[in-house]
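*Asks:* Encoded as structure tokens, here's the structure I'll be asking about.
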Amino acid sequence: MAFSPDGRTLVSCSRDRTVRLWDTATGHPIGVPFTGHTASVAAVAFSPDGTLVASAGRDGTARLSDAETGHPVGHPLVGCTDAVVSVAFHPDGTLLASASRDRTVRLWSTATGRPVGHPLTGHTGPVSSVAFSPDGKLLVSTGDDSRDTTLRIWTLATGQHRPLSGHPHGEYRASFSPDGSVVASAGRDKTVRFWDPARGRALGEPLAGHSGGVFTAVFGPADDLLATSSVDKTVRLWHLAA
């Protein structure tokens, strides 16, 4: 799920192959479901200006839709040879990044729907998530399982990447702090780990407390608050030391 930039709309995705919009004030659905994917939809994202919704499909495609009408924008983004499981917009809205189980991260022009450059390769197993840094210069991607337990920091200007290892069984998700100075990774090993994306090194000690793999780790508006969700059916809030 994802909130629109103004917070008034929530977008959700489902195994029923649809994407749906919800009014956050009333909890009611908005319009009709977005359709087009031929398999379950794994992830969704709003563009920074709130006009587009991107969806990641296990049918191997990513799709762009008009956030107001639900109509497709351009053709499906085709190129991945396995399920697309994560999508993220660049902060300026001109690029969409996708992560796929085919071991690639791909960049797409939101204006044309065409690939931008070559696929970003380096992962040796499925990729589970992708996220841009707040300044749009870096990208973080996560390895999904024991075939690739790394997260990787990509420099968009060069396409070079730096693998970071710490979670022994891979990660579900990773996110940047609001100022871009820290990456938090949510691991199958029941921990959250912190990384310096500029220097490519671990920061401090892992956060431990969940009794199952950690699905997500998301910073609050300031860098001192982190929310996590887990296989153990709990959500936790963490106050981070300076």
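*Asks:* Got the relative contact order for the chain handy, in percent, Cα pairs under 8 Å and 6 or more residues apart?
*Replies:* Working: 706 pairs, mean separation 20.7, N = 242.
Once divided by the residue count of the chain, the mean separation gives 9 percent.
*Asks:* How far is the Cα center of region 1-28 from the Cα center of region 174-216, in Å?
*Replies:* First find each Cα centre; the distance between them is then 27 Å.
*Asks:* Using a Gaussian network model of the chain whose springs link C-alpha atoms within less than 10 Å, name the residue from Arg103, Arg63, Arg15 with the highest mean-square fluctuation.
*Replies:* Arg15
*Asks:* Okay, moving on. Could you work out how far the C-alpha centroid of region 78-104 sits from that of region 47-74, in angstrom?
*Replies:* That distance is 12 Å.
*Asks:* Cα gyration tensor of region 1-99, axes a ≥ b ≥ c as square roots of the eigenvalues: rounded (a/c below 1.5), prolate (a/b > b/c) or oblate? Let's see the in-between values first.
*Replies:* Details: a/c = 1.85, a/b = 1.31, b/c = 1.41.
Here region 1-99 falls in the oblate category.
*Asks:* A further question follows. Comparing Asp135, Asp102, Asp145, which has the greatest mean-square fluctuation in the GNM of the chain with Cα pairs linked when under 10 Å apart?
*Replies:* Asp135
*Asks:* Quote the charge dipole size of the chain about the Cα centre in Debye, to the nearest 20; the model charges only the Cβ of Lys and Arg (+1) and of Asp and Glu (-1). Walk me through the numbers on the way to the answer.
*Replies:* Working: 22 positive and 22 negative charges, 115 e Å.
Rounded to the nearest 20 debye, it is 560 debye.
*Asks:* Normalised by the number of residues in region 131-242, what is the relative contact order in percent for Cα pairs under 8 Å and 6+ residues apart? Let's see the in-between values first.
*Replies:* Details: 293 pairs, mean separation 19.6, N = 112.
Relative CO of region 131-242 lands at 17 percent.
*Asks:* Here is a further query. Per residue of region 212-223, in order, report the coupling 6.51 cos²θ - 1.76 cosθ + 1.60 (Karplus, θ = phi - 60°) as ³J(HN,Hα) in whole Hz, putting x for Gly and Pro.
*Replies:* Calculated HN-Hα couplings, in order: x, x, 9, 6, 9, 9, 10, 6, x, x, 10, 6 Hz.
*Asks:* Now for a different question. Label region 131-242 by shape, choosing from rounded, prolate and oblate, from the square roots a ≥ b ≥ c of the eigenvalues of the Cα gyration tensor; if a/c is under 1.5 it is rounded, and otherwise prolate applies when a/b is larger than b/c, oblate when it is not. Numbers along the way, then the final one.
*Replies:* Numbers: a/c = 1.93, a/b = 1.24, b/c = 1.55.
Here region 131-242 falls in the oblate category.
Where a number appears in this text, it was derived from the coordinates with a stated rule and is not lab data. Keep in mind that what you see is a predicted model, and the values were worked out from it rather than measured. Note that we place each Cβ from the backbone using ideal geometry, even for glycine, and neighbour counts take in every protein chain shown.
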